[in-house]
Ligand code: ADP
């Protein structure tokens, strides 16, 4: 099964991905996490330019993104399903993914759109804490770690994402509405889109997603 999460920054894609990948044994393709790994690698020649783009909230070049996606997929076993989180970010990228899937003889089963009002975004982002090691997402109020600033799963010290500041978020929302939002129609036309209310609490959203994916399997 190949599944995709769409939604504004902070709609809960990473949080729900954690549960979905475990339960449905999917490989979690978090493009944000893969890009942050490149930024953190001092020997990566592309790290600095990726960092500048991410901090401004603008999209990284399609060539680079598609190279990362192809490498990720080529390292999976042929029957392993994928959970796409944060990719594609534009219709252009969605078309490139369709072509790649055609080449690999794979298909996208469903696209879950996490619907969240912009007014909630800042509150979610301001409290977000991230594990730099395993990528798990926390919130100081809505989803706190058991021990302050420490990852429940791997014990690493939690960090604030460098692009989780007001300036970057404004850029990310602008980019989202101009380039990513049109994907809703793109996947609606393919009959793959299912919307869910992402203002609910984490467990209720997980239940909604579980009902959807349980029906596909
Ligand atoms: P995304 O991957 O879509 O950018 P995250 O999963 O990182 O979003 O969630 C953004 C922030 O909101 C995190 O701090 C997370 O803990 C918190 N969060 C996620 N889902 C919910 C929810 N349903 N209710 C309240 N807070 C949530």
Using alpha carbons only, how many angstrom separate the centre of segment 74-141 from the centre of segment 19-66?
11 Å
What Kirkwood hydrodynamic radius do you get for segment 78-124 when you take the inverse of the mean 1/r over all pairs of distinct Cα atoms, in Å?
12.9 Å
Taking only Cα atoms of segment 160-217, the Rg to Rh ratio with Kirkwood Rh works out at 1.08
Provide the packing ranking of 89-101, 142-154, i.e. peptides ordered by the mean count of other C-beta atoms within 10 Å per residue, highest first.
89-101, 142-154
Could you compute the FRET efficiency for residue 79 and residue 120, with r as their C-beta to C-beta distance and R0 at 45 Å, rounded to 0.05?
0.75
Take every DSSP beta bridge whose two residues both sit in the chain, then give the antiparallel share in percent to the nearest 5.
25 percent
For the chain, what's the radius of gyration and Dmax over Cα atoms, in angstrom?
16.5, 46
When all Cα-Cα pair distances of segment 33-138 are considered, the percent exceeding 17 Å is 65 percent
If packing is taken as the average count of other Cβ atoms within 10 Å, what order do 115-124, 41-50, 168-177, 11-20 fall into, highest mean first?
11-20, 168-177, 115-124, 41-50
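Each reported figure results from applying straightforward, stated rules to the coordinates on display, with no laboratory input. Source: prediction; values computed, not measured. Don't worry about glycine lacking a Cβ; one is built from the backbone with ideal geometry, like all the others, and counts go over all protein chains shown.
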